[in-house]
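A quick write-up on the structure given underneath.
The values are calculated or read from the model by the stated rules, or taken from the named source; none is laboratory data. This structure is a prediction, so every number in the text was calculated from the model and none was measured. Note that we place each Cβ from the backbone using ideal geometry, even for glycine, and neighbour counts take in every protein chain shown.
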């Protein structure tokens, strides 16, 4: 199956037919939940995924990865869809945490006869929806890092909705700290990456507008989930459903709880993690984060020590650079190992 190489971008053909009670409506729209890691995107995914008209699988990760190299799949001026799908499925099998991987035939059937890359993406997600596909209004994706690829997603899906989840950078760091060796990061790296993702979210909201992009505060979501979810369903044009508050009883929550950092998702929503950094981080770690991200935290309304914002520690910059080099070398070593044994 091929697609003309000069038609790799929208407008694409909606090849997923509307069915069931929404047969008179358009096919499911796209919904992306993005933000910084450890900001509550998984919680929101479970909540919205419990809505009868929304389906959101585990992280896809692959959309910008293959989007950057679509030209590799062009043969005789056409896009080889079958090979592209095979490679996406192989990627999901190795990199994603999906419990099961859909079949190539299922995806090609859902994608339609002359699909674009956007159609393939929708088909991959739809293939996991099962019986829920009949009543869907939104096919979703919760991959936090897509906050760095918003305008590529906009190019693929110009009518998509985007929800950007924002959490206090210090609590993000407190969550990361639970990983061995900070998950290969440092407090400064967490602050820098948080800053960059906050900026990208602000740019997306400014460029695409409030009708396309909604920012949700983690602290508000856990403190007042009923009202926040009401606001989100209004943003999406969906009826409110109390099922979203029962997310912890779903099969999706049970599946996600197999990961240690998500073991609490089978319990009702709680504010226990708000402000946890005060107990989990050392004063030096808090100072580092506030120095790197203090202006942004202050702009967003979080309380910060302004003296920390003005502090400067050149020695930390040096050790941060050492960690960056180590991470880069480790990443390259893993890639070489994969190439050797492929």
Filter region 34-45 for residues that are on the phi > 0 side of the Ramachandran plot and part of a loop (DSSP other than H, G, I, E, B); the one that is surrounded by the fewest Cβ atoms within 10 Å (Cβ to Cβ) is 38
Please report, ordered by residue number, the helices (runs of 4 or more DSSP H) entirely within region 46-114 with at least 2 residues that are at pLDDT below 90 and surrounded by fewer than 16 Cβ atoms within 10 Å (Cβ to Cβ). 81-95
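Would you mind finding the one in 342, 313, 263, 291 that is at pLDDT below 95 and under 22 Å from the mean Cα position of the chain (by Cα)?
263
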State yes or no: is residue 21 modelled with pLDDT under 90 and either assigned to a helix (DSSP H, G or I) or on the phi > 0 side of the Ramachandran plot (or both)? yes
Residues of region 250-269 satisfying the condition of being touching a helix residue (DSSP H, G or I) at 6+ places or on another chain (Cβ under 8 Å) and over 13 Å from residue 42 (Cα atoms): 250, 267, 268
Can you tell me which condition residue 240 does not meet? The list is (1) surrounded by 14 or more Cβ atoms within 10 Å (Cβ to Cβ); (2) within 18 Å of residue 58 (Cα to Cα), and all the others hold. (2)
